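K.L.:
One structure, as structure tokens, below. Some questions next.
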Amino acid sequence: MTSVVWLLALWGVLTTALVIVLIYRSTLTMHEDDQLFLGESDAHMQREQTELMQKVNRLNPLLRWLGAASGLLILVIAGLAVYDGLTRVP
């Protein structure tokens, strides 16, 4: 049963990292504009939006990996718990 405790600790770390990255992406996208009307004098706003979208796009693969790892790990933990419950002799 100690392996399940280690797996739960690892799942907690992965899920915490996932939540932190989600919060960071949320703070980045708060400053994103849906529509931008740019003239010659607003070129700096276009650069800011482009940089912002590059940061968000770099986070997306990390979010996918962390989400998949967290989901897979909790399924493994649940499977081990069910297996342990079925093989335990009363």
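K.L.:
Return the total of residues in the stretch 46-90 being loosely packed, with under 15 Cβ neighbours inside 10 Å, among the hydrophobic types (A, V, I, L, M, F, W, C) and more than 17 Å from Ala17 (Cα to Cα).
P.N.:
Total meeting the criteria: 9.
K.L.:
Any chance you could count how many residues in the stretch 1-51 are within 30 Å of Val82 (Cα to Cα), at pLDDT below 85, assigned to a helix (DSSP H, G or I) and not β-branched (Val, Ile, Thr)?
P.N.:
1
The values are calculated or read from the model by the stated rules, or taken from the named source; none is laboratory data. Computed from a predicted model, the values in this text were never measured in an experiment. Counting neighbours? That spans all protein chains shown, and the Cβs are built from the backbone with ideal geometry, glycine included.
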